[in-house]
């Protein structure tokens, strides 16, 4: 992949467009940081197709997570009065805190074997 600066892009736009339309990828940098990639229309269309596939996979993964959540709720129902997830996480994280106050959260319902 060829790398050009934004200044070079301005001076060689026609040449770079020809190269990109021929299939070359051109990385455009500003202050030594990558800012954009110039690609052919065909490559851009392929990237858009990949975006649609990625969206489809994301929706499928969220559906699997929802089914997992439903299964966990069915197999491990919450006990009345049990602490919620946020309280458990705060309790777990607070143990690393040197100013930990065990009375700050209602930890009496958190697993005593921890």
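The values are calculated or read from the model by the stated rules, or taken from the named source; none is laboratory data. These numbers were taken from a predicted model, which means no experiment stands behind them. Using ideal geometry, Cβ is built from the backbone for each residue, glycine included, and neighbour counts are taken over all protein chains shown.
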*Can you find a residue in segment 57-67 that is outside the structural domain of residue 8 (by TED's automatic domain parsing), exposed (fewer than 11 other Cβ atoms within 10 Å of the Cβ) and over 20 Å from the mean Cα position of the chain (by Cα)?*
yes
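Yes/no matrix, rows are residues, columns are (1) modelled with pLDDT of 95 or more; (2) in contact with a helix residue (DSSP H, G or I) (Cβ under 9 Å, 6 or more places away or on another chain):
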site	(1), (2)
27	yes, no
59	yes, no
78	no, no
87	no, yes
95	no, no
_I want to confirm something. Restricting to segment 26-43 and keeping residues that are surrounded by 13 or more Cβ atoms within 10 Å (Cβ to Cβ) and under 25 Å from the mean Cα position of the chain (by Cα), which single residue is farthest from residue 4 (Cα to Cα)?_
43
*asked:* Quick check on segment 1-19: of everything there that is closer than 21 Å to residue 47 by Cβ and within 29 Å of the chain's Cα centre (by Cα), which residue is surrounded by the most Cβ atoms within 10 Å (Cβ to Cβ)?
replied: 4
